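The values are calculated or read from the model by the stated rules, or taken from the named source; none is laboratory data. Not measured: the values here are computed from a predicted model. With ideal geometry, Cβ positions are generated from the backbone for all residues, glycine too; neighbour counts draw on all protein chains shown.
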Amino acid sequence: MRLVFKSVLAAFLAMASSAPSPAQPIDFTGQKITLAIATPSGGGYDLYGRLVARHLGRFLPGNPTIVPQNMPGAGSLIAANWLANVAPRDGTGLATVPSATLFENLLGNTSARFDARKLNWLVSLNDYTAVAAAWHETPFVTASDMLSKEFLLGSNAPRQTQLCGRCCSMR
């Protein structure tokens with residue numbers, strides 16, 4: 001477990017700054033780094049974020065303080081938009097965002113005010129496979145059925161934004 005954690009931190013550190021690499025390493029002495037957590041407190045992403053915040057500073061030059069800050073809302077778009085548009089570009093602004101959030105602008109969500117291609121993906125603390133399932137009595141047998149027929153989706157969180165409309169809808 002300790003080796004896995006160190007490997008995760010090493011990968012996290014390897015890509016920690018979205019700014020171009022300067023000639024000299026950044027010294028974070030006396031600085032605070034904000035780690036935005038895109039979900040409410042108490043869940044898995046909150047746990048991951050707080051775990052990283054507790055230990056990351058020891059591995060950065062100058063041993064900065066990492067301050068976790070929950071920024072839940074809008075299906076994690078508040079934190080993703082903060083990271084892309086408000087966070088400092090000097091390495092003192094980081095975020096934990098569910099990977100699915102980064103697809104929002106591809107799905108036509110105008111509330112996603114970021115280009116996911118311009119964000120640096122640092123590390124994933126877990127590996128999972130997303131699955132779509134349909135009840136055996138529905139007319140959905142193939143993936144193309146989901147693209148050609150209305151397919152209502154469930155979610156683990158409320159959603160205020162409109163879905164793409166081509167392959168999914170909300171009622």
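Things to note:
- Among the numbered conditions (1) of a type in the set (A, V, I, L, M); (2) at pLDDT below 95; (3) surrounded by fewer than 17 Cβ atoms within 10 Å (Cβ to Cβ); (4) more than 15 Å from the chain's Cα centre (by Cα), the only one that Leu47 does not meet is (4).
- For region 26-54, the candidate set comprises residues that are among the aliphatic types (A, V, I, L, M) and in a helix (DSSP H, G or I); within that set, the residue that is nearest to Pro64 (Cα to Cα) is Ala53.
Yes/no per residue for (1) at pLDDT below 90; (2) over 19 Å from Ser124 (Cα atoms); (3) buried (at least 18 other Cβ atoms within 10 Å of the Cβ):
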| site | (1), (2), (3) |
| --- | --- |
| Pro25 | yes, yes, no |
| Thr29 | no, yes, no |
| Ala38 | no, no, yes |
| Ala53 | no, no, yes |
| Pro64 | no, yes, yes |
| Asn70 | no, no, yes |
| Ala79 | no, no, yes |
| Asp90 | no, yes, no |
| Thr96 | no, no, yes |
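- Among the residues listed as Val86, Val67, the single one being under 30 Å from Gln24 (Cβ atoms) and without any contact (Cβ under 8 Å) to a residue 12 or more places away in the chain: Val86
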